[in-house]
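Notes follow once the structure below has been shown.
Since every read-out is calculated from the coordinates, none of them should be taken as a lab result. What you see is a predicted model; the values in this text were computed from it and never measured. Heads up, the Cβs are rebuilt from the backbone with ideal geometry, glycines too, and the neighbour counts pull from every protein chain shown.
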């Protein structure tokens, strides 16, 4: 089965070559989504949400490796699907960010761990009643010091 995605815009961040391992809301810089004008009508009522889910395409991702080496494991390994590695089979990434404001087709957000000029695939509202799972655990991260 062939699957086709269409970019709906571009993600803008201060990161040209590398990104932090995890977004930190205190990081400085300008973070925004530039939606292609033909999709702007789809933003109607989005500003009523405090947070959004941003889906994007890892267009500068390296080749796929089914074993990942997360930075918190200091050389340790986990399977690709047990990691947040950008080197995915389908090169799809996601971030959950605070929606600061919308100006026309620009959506200003809190910090994203995404390279500048990354293709935007989709935007969804973050709905705690649906998306928050209070009984979720941190998996192997529970065994890493400082990640409890």
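Rg/Rh for the stretch 97-148 (Cα atoms only, Rh after Kirkwood) is 1.07. For the pair the stretch 93-127 / the stretch 1-40, the C-alpha centres are spaced 6 Å from each other. Between residue 132 and residue 64, the contour length at 0.36 nm per residue exceeds the alpha carbon distance by 21.5 nm. Here the extension length gained between residue 48 and residue 98 equals 16.8 nm, from 0.36 nm per residue of separation less the Cα-Cα distance.
The ranking of 143, 61 from fewest to most other beta carbons within 10 Å of each one's beta carbon is 143, 61. GNM remark for the chain: springs join alpha carbons under 10 Å apart, and the peak mean-square fluctuation among 70, 14, 128 falls on 128. Over the chain, the hull volume per residue, using the convex hull of the C-alpha atoms, is 148 Å³. Treating each Cα of the stretch 1-85 as one equal point scatterer and applying the Debye formula with no solvent, the log10 of I(q)/I(0) at q = 0.10 Å⁻¹ comes out as -0.39. Once C-alpha pairs closer than 8 Å and six or more residues apart are averaged by separation and normalised to the residue number of the stretch 10-132, the relative contact order reads 42 percent.
Just from its helices, what would the mean residue ellipticity at 222 nm be for the chain, if runs of 4 or more DSSP H residues each count -39500 (n - 2.57) and the sum is divided by every residue, rounded to the nearest 500 deg cm²/dmol?
On the way: 1 runs with 4 residues, N = 148.
Computed mean residue ellipticity for the chain: -500 deg cm²/dmol.
Taking other Cβ atoms within 10 Å as a rough exposure proxy, 72, 91 sort from fewest to most as 72, 91. Comparing 19, 54, 97 in a Gaussian network model of the chain (Cα springs below 10 Å), the most mobile by mean-square fluctuation is 19. With the cut-off at under 13 Å, measuring from each backbone N in the stretch 1-20 to a point 7 Å along the Cα-to-Cβ line of residue 39 picks out 5-12.
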